[in-house]
Amino acid sequence: MTELVEHGQLLIGGEWTDPLGSDTIKIVSPHTEQVIGSVPHASKADVDRAVAVARTAFDEGPWPRMGLDERIAVVTRIKDAIAVRHEEIARSISSQNGSPYSWSVLAQALGPMMVYDAAITVARAYPYEEYRQGVLGPILVRREPVGVVAAVIPWNVPQFVAAAKLAPALLSGCAVILKPSPEAVLDSYILADIAREAGVPEGVLSILPADREVSEYLVGHPGVDKVAFTGSVAAGRRVMEVASRNLTRVTLELGGKSAAVILPDADLGSTVDGIVPAAWMNNGQACVAQTRILAPRSRYEEFAEALAAKAGALVVGDPLDPATQVGPLVAKRQQQRSLDFIRIGQEEGAKVLSGGGVPAGLEQGWYVEPTLFGDVDNSMRIAREEIFGPVVCLIPYGDEAEALRVANDSEFGLSGSVWTGDVEHGVDFARQVRTGTFNVNTFSLDMLGPFGGYKNSGVGREFGPEGLSEYLEHKMIHLPAGYEPPAAGA
């Protein structure tokens, strides 16, 4: 039996602090359906305390006034500590949200390390000040930290998304209030210990587990300068609405319904081997998952057969078993959502090629079989709505023009891929797809480039210099005519 993990305090400004409220959050295992942990539920009064200490730390404290190398040293210690505790982090997250442990080691623990490392690389090379020749004379352009950041993260990849927000915020000199999801919060206590040991100064970091009501209070707090949010489209709209009352800057990384487009010259084996893990990654609980697979009618049957066989062979089971490839969904509501969409897909006329229900022998826990629908039309709900579960659509197309039209026929634009025997042709196809990230004959996410979405998939970017810029204000200083800036390095 899993040992119950209980915490009684909140991290506010880097100090363990008794909560001002008495509510708690119970964390339930998606495998056993038993309570595995308990933490305090932050109250609005706790938010007020966290914002107050963050404001003091930013407005008066040393953190934004430190040299970049000093901040890099702190963030490097965070990264190094994650490396030491990566197995603990992976197990903690898998026990909460059902991620297969083997996937968690890579994406939930080692992935965040890569995020911190890439952010450090970007920060070292970033032009925080540059002189330009303006129309009326020389100007100095400065980039300065935006201030107090509210970082609201989801349950599916909590440490990866936390790193995507914390790394640039801390490196730029901001103070951060991190709000983890109630479904996956135990790992945030590991992060809290790491941050304290790394020497994050007083007031700079608070971690407040809470529900939607308290999250909304944080997002709308007048002491917050920027909101960085990852979650659903509906929640993102609400975040933008609430934050707009204070004209608070917002970045939103939202949902997806990404298309993996198989061109007629694609290799069968390598294409299927590449698409299946990209489609069913993290039990389908991934915004970038390739959940619409477009196959040419001329080769539809062979790809349908190969994809169904590969999906049907995925090992479903206990997320902490290293052999598991697909675990349970995070909550009963998510399981029911996937099962409802499986029913809807059949009612719409799509054909179940593999899966289609609850796996035999796994009636306890929130499991759904890896499911592939064939004969899907892009107008069907299963092809248009983000299911966020292990349900994938196979859509036949005629010519390449139709494939491009279908790939772009979505309210989302987060990710995508094309699979072809001609990489240059694949790049040309990629240029025409309206999505923030795209892959040719591969599936990955590079932290040195910009990540984000077109259309309803979001606002702003994470990673790369574009992501760091989201945590900086841009200031122009006019200088007198004839002024000669100092030589570089002087």
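Numbers for the structure displayed
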read-out: Residue within region 145-154 that is farther than 19 Å from residue 215 by Cα and either assigned to a strand (DSSP E or B) or modelled with pLDDT of 95 or more (or both) present; value: yes
read-out: Residue, nearest to residue 320 (Cα to Cα), within region 58-93, restricted to residues that are among the charged types (D, E, K, R) and without any contact (Cβ under 8 Å) to a residue 60 or more places away in the chain; value: 87
read-out: Output for region 437-459, where each listed residue is of a type in the set (Gly, Ala, Ser), buried (at least 20 other Cβ atoms within 10 Å of the Cβ) and either part of a loop (DSSP other than H, G, I, E, B) or touching a Ser or Thr at 6+ places or on another chain (Cβ under 7 Å) (or both); value: 452, 453
read-out: Selection within region 152-167 - over 8 Å from the mean Cα position of the chain (by Cα) and either outside the structural domain of residue 89 (by TED's automatic domain parsing) or aromatic (Phe, Trp, Tyr) (or both); value: 155
read-out: Selection status of residue 183, of a type in the set (D, E, K, R) and over 26 Å from residue 282 (Cβ atoms); value: no
read-out: Candidate set: region 460-490, residues that are aliphatic (A, V, I, L, M) and assigned to a loop (DSSP other than H, G, I, E, B); chosen: the one modelled with the highest pLDDT; value: 479
read-out: Residue list for region 377-395, filter: crowded, with 17+ Cβ neighbours inside 10 Å and either over 28 Å from the mean Cα position of the chain (by Cα) or on the phi > 0 side of the Ramachandran plot (or both); value: 388
read-out: Strands (runs of 3 or more DSSP E) completely within region 203-255 that count 3 or more residues being touching a Leu at 6+ places or on another chain (Cβ under 9 Å); value: 205-207, 226-230
read-out: Residue match in region 400-407 (condition: touching a helix residue (DSSP H, G or I) at 6+ places or on another chain (Cβ under 7 Å), closer than 23 Å to residue 308 by Cα, at pLDDT 95 or above and crowded, with 24+ Cβ neighbours inside 10 Å); value: no
read-out: So residue 187, is it farther than 30 Å from residue 145 by Cβ and either assigned to a loop (DSSP other than H, G, I, E, B) or in contact (Cβ under 8 Å) with a residue 12 or more places away in the chain (or both); value: no
read-out: Pairs where the first residue, in region 421-432, is in the same structural domain as residue 400 (by TED's automatic domain parsing) and the second is charged (D, E, K, R), C-beta under 8 Å, 6+ apart; value: 421/265; 421/267; 422/265; 429/400
read-out: Close pairs from region 444-465: first free of Cβ contacts under 8 Å to residues at least 40 places away in the same chain, partner buried (at least 17 other Cβ atoms within 10 Å of the Cβ), Cβ under 6 Å, at least 6 apart; value: 449/464; 450/461; 450/464
read-out: Residue ranges of strands (runs of 3 or more DSSP E) in region 4-64 with at least 2 members under 25 Å from the mean Cα position of the chain (by Cα); value: 10-12, 24-28, 35-40
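The values are calculated or read from the model by the stated rules, or taken from the named source; none is laboratory data. These numbers come from a predicted model, not from an experiment. A quick note on method: Cβ atoms are made from the backbone with ideal geometry, for glycine too, and the neighbour counts reach across all protein chains shown.
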